[in-house]
1. Residue check, Ile183 against (1) more than 30 Å from Val415 (Cβ to Cβ); (2) within 16 Å of ligand 2 (Cβ to nearest atom); (3) surrounded by 17 or more Cβ atoms within 10 Å (Cβ to Cβ), all met but one. Which one?
2. Kindly indicate whether Gly94 is surrounded by fewer than 16 Cβ atoms within 10 Å (Cβ to Cβ) and either among the aliphatic types (A, V, I, L, M) or within 16 Å of ligand 1 (Cβ to nearest atom) (or both).
3. Tally the residues that are in contact with a helix residue (DSSP H, G or I) (Cβ under 8 Å, 6 or more places away or on another chain) and either more than 14 Å from ligand 2 (Cβ to nearest atom) or not assigned by TED's automatic domain parsing to the domain that holds His262 (or both), restricting the search to the stretch 332-365.
4. State whether one or more residues within the stretch 260-270 are part of a strand (DSSP E or B) and either out of contact with any His (no Cβ under 7 Å at 6 or more places or on another chain) or not hydroxyl-bearing (Ser, Thr, Tyr) (or both).
5. Quick one: would you say Tyr321 is modelled with pLDDT of 95 or more and more than 16 Å from ligand 2 (Cβ to nearest atom)?
6. With respect to Thr316, is the statement that it is within 19 Å of Ile59 (Cβ to Cβ), modelled with pLDDT of 95 or more and not hydrophobic (A, V, I, L, M, F, W, C) true?
7. Name the single residue that is nearest to ligand 1 (Cβ to nearest atom) among those in the stretch 65-82 being free of Cβ contacts under 8 Å to residues at least 60 places away in the same chain and of a type in the set (Val, Ile, Thr).
Amino acid sequence: MNRPRDYADLARVDRTHVSLYTDPEVFHDEMERIFYRSWVYVAHESEIPNPGDYKTTYIGLVPVIATRDAKGKVHVLVNRCTHRGATVCPYEKGHAASFVCPYHGWEFAPDGQLLSVGLPKGYNEGELDMAQLGLREAAKVDSYRGIVFASLLEVPDITLEQKLAGVRPVIDMYMDLSPVGEILVGHSGIYKHPYHGNWKIQTEGSVEGYHAIFTHQTALDVMARKMGAFLRGFQNSGLKGLDVGYGNNILEVYRLSDEQVHQRWPKPYIDMLCDAHGERRAMEALRNRFNLVIFPNFAILEYQFRVIRPIEPDFTEVRIYHTTLKDAPAEINLKRVREHEFFYGPASFGGPDDYAAFDRIQEGFRAPMVPWVHLNRGYLSEQTDAQGHRVGDLTQETQQRAPYYEYRRLMTREV
Ligand code: FES
Ligand SMILES: [Fe+2]
């Protein structure tokens, strides 16, 4: 047996070791210590609005179902029949009074309870403990503004409130682009991007501060032709990358002047938000744009919820759920769809370039004689702000270093 890995040495403050992206045993430890024992994004409540609605997804490698029971409570259940193992739900989403296993017909309620089994008379008295054989439920489920997180095997050592403390103001601003402060997730489509690379490449890549001028040169050329004057007018100086704690981090993407907000969005929509939230609050939400990572598997970018699904050390699927602003004018939501598909669609100008870059990173990782990934850009000039958050210029690598503080904390503890 190999000796235990020293994760504090492999994930240093300014560099990560290539084995963290390639080694199957590291991947196994990440599932056990991070994905199964800390807060992981599962769903948004708007995907399962009514009792009986469900959505299937994964926590790490484990297939799960997010359900809403008859009383409206959200459950996160392991999608694994407690008889002999089949998944009980094969669909991505839907509505069901119960889940019936395809193998021997065991039937489970949306809250996980075992309701009935196939041919029950074959069991002798004492052989079947129905109360103990419900679908396994996550140890802890909690949500913030409809965003549902779960910890599969243990109640985490921090509450969800603690975990999200540094990102809540940004989440609130994102939701307040809707006049009723609510979004609908995935109602206007989902993109799935598999790539041949480790999951952390996307965690790092969701808050990249300056790759765009290299990786997305074509897209930027087209955008400059379409909206050159507007782009040139961005007040982009002074934008920051922030490490806001527990692996979470924020990239300030752009900041508009009030005049630019009015160029960008029709007046009736701006007025609608000002009426709903007050002018100061509404303009703050309209002016500022962020990319945001909630470690380990979730990011919010301009028009999307991004969910990172690790499958193998060198294979990952990213699901990009478009977000719709509830009760906003249809033309606003349509504009959000069009801009989103321009950059992130499977045949678009932006997203596919990122996944091509990720494939190439993983291919480069086959060279063990070059063992370190460098994340030290701006490390020596990094500051701490009034809230205690590490801050650097957006083109530096504060955002990429941030996850590894939490990575070290979780990977070096006893489980
Ligand atoms: S495996 Fe599900 S009923 Fe047998
Ligand atoms: Fe990109």
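1. (2)
2. The answer is no for Gly94.
3. Final tally of qualifying residues: 4.
4. No, the conditions are met nowhere in the stretch 260-270.
5. Against the criterion (modelled with pLDDT of 95 or more and more than 16 Å from ligand 2 (Cβ to nearest atom)), Tyr321 qualifies.
6. Considered against the rule, which asks whether it is within 19 Å of Ile59 (Cβ to Cβ), modelled with pLDDT of 95 or more and not hydrophobic (A, V, I, L, M, F, W, C), Thr316 comes out as yes.
7. At the first step, the residues of the stretch 65-82 found to be free of Cβ contacts under 8 Å to residues at least 60 places away in the same chain are 67-73, 79-82.
Subsequent filtering for residues that are of a type in the set (Val, Ile, Thr) retains 67, 82.
On the way: Thr67: 17, Thr82: 8 Å.
Per the criteria, the residue is Thr82.
Each row is one residue, and each column tells you yes or no for (1) crowded, with 17+ Cβ neighbours inside 10 Å; (2) of a type outside the set (Val, Ile, Thr); (3) touching a helix residue (DSSP H, G or I) at 6+ places or on another chain (Cβ under 7 Å).
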position	(1), (2), (3)
Ser237	no, yes, no
Gly241	yes, yes, yes
Gly245	yes, yes, no
Ser257	no, yes, no
Asn297	yes, yes, no
Tyr303	yes, yes, yes
Val307	yes, no, no
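The values are calculated or read from the model by the stated rules, or taken from the named source; none is laboratory data. Bear in mind that the values here come from a model prediction, so they are computed numbers and not experimental data. For neighbour counting, all protein chains shown are included, and Cβ atoms are generated from backbone atoms with ideal geometry for every residue, glycine included.
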